[in-house]
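Inspection log for the structure reproduced underneath, given as structure tokens.
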């Protein structure tokens, strides 16, 4: 579908989200807002339910943030009207909704307010969803001008389960700004702060601690990794509802000496710089920003073959892919990658291919250009 073109003069893109906590989707929105503003496009964000750490980040860069107070649980499908006065106040020319609840509530309110362009992005989910949710999404999708999936497999699921036609459905992969490595001295200090004076390799990831990330699978595989690489350490950054369960697994398997869970990470450059191998054992994904950030750093990557990760890593052999929930395969891939650290034909080559693939396909600039086309804005 070709978008109607226009000019940035008077354009105002308003993103509608459920919350603004420190998740991958919220960080993607912040990246998009930052890049749009660099192109002189006015942006605002409406959070339906609650604010969070990303709200502060947005405000720091000059993006207005509004809290609408729309209840999303239990569902009240007439509550979309609560968004109407907020939209009338901010006066968008484009409304961009993100994930299920903002689609259900945001799209009808934008249509009611006469917004000329409505775009929706699904950032990754498990389908089929509950029947009443999918019926509501199909109704809301009827007023949307463009539906975006962050990976081709997700687009196929949206087409099958939400009946989105090819004229409306687009794939726009996530993009991020490249992470700049910290100086070696800072890297050493960061590693020592988490694991003391260790010379062993550090495997890790930063993610929201939810079951979809497959961290229980990673902890099940970790003793097998330690049997081959006893000096290895595992770093799991982030927080979320699965934290207590993961801590119990670490205690039950006596992994405390080799596993660190520092909580939320504020300095991502220092975090990624501390790693020798990035791992993402998810059981369900769209196209995670953490994967792209690791690719931009040139880290060797071991990841599950789910969502958009095979398309990101597989064609250029930019990482090692394993079946989801396969403990033995994950342990084997991590051991082989650790064996190849420092080898030109091993982990070094993996990292170089990851960095080159990122620069070619997954930058924030390329993502923003694709969205601007759907918004009908050209510079």
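Rule-based calculations on the coordinates, nothing more; no lab input. In this text the structure is predicted, and so the values were computed from the model without any measurement. Ideal geometry is used to build each Cβ from the backbone, glycine not excepted, and the neighbour counts take in all protein chains shown.
Observations, loosely collected:
- Computed E for residue 254/residue 210 - FRET, C-beta separation, R0 22 angstrom, nearest 0.05: 0.35
- Using C-alpha pairs under 8 Å with a sequence gap of at least 6, the mean separation divided by the residue count of region 184-361 gives a relative contact order of 23 percent.
- Cα-based Rg / Dmax (Å) for region 1-159: 14.8, 42
- Calculated diffusion of region 255-349, Stokes-Einstein form, Kirkwood radius summed over Cα pairs, 37 °C and 0.692 mPa s, µm²/s: 235
- Region 224-293: proportion of alpha-carbon pairs further apart than 13 angstrom, %: 73
- For the chain, the Stokes-Einstein estimate of translational diffusion at 20 °C and a viscosity of 1.002 mPa s comes to 100 µm²/s, using the Kirkwood hydrodynamic radius over alpha-carbon pairs.
- Of interest is the spacing of the C-alpha centroids, which for region 305-379 and region 288-304 amounts to 6 Å.
- Within region 69-208, the proportion of Cα pairs with more than 22 Å between them is 52 percent.
- Considering only 60, 276, 339, the Gaussian network model of the chain with Cα springs below 10 Å gives its largest mean-square fluctuation to 60.
- Residue 224/residue 89 FRET efficiency (R0 56 Å; Cβ-Cβ; nearest 0.05): 0.50
- Translational D in µm²/s for region 184-361 (Stokes-Einstein at 25 °C, 0.890 mPa s, Kirkwood Rh from C-alpha pairs): 154
- Candidates 15, 132, 96: whichever shows maximal mean-square fluctuation once the chain is modelled as a Gaussian network with Cα springs under 10 Å: 132
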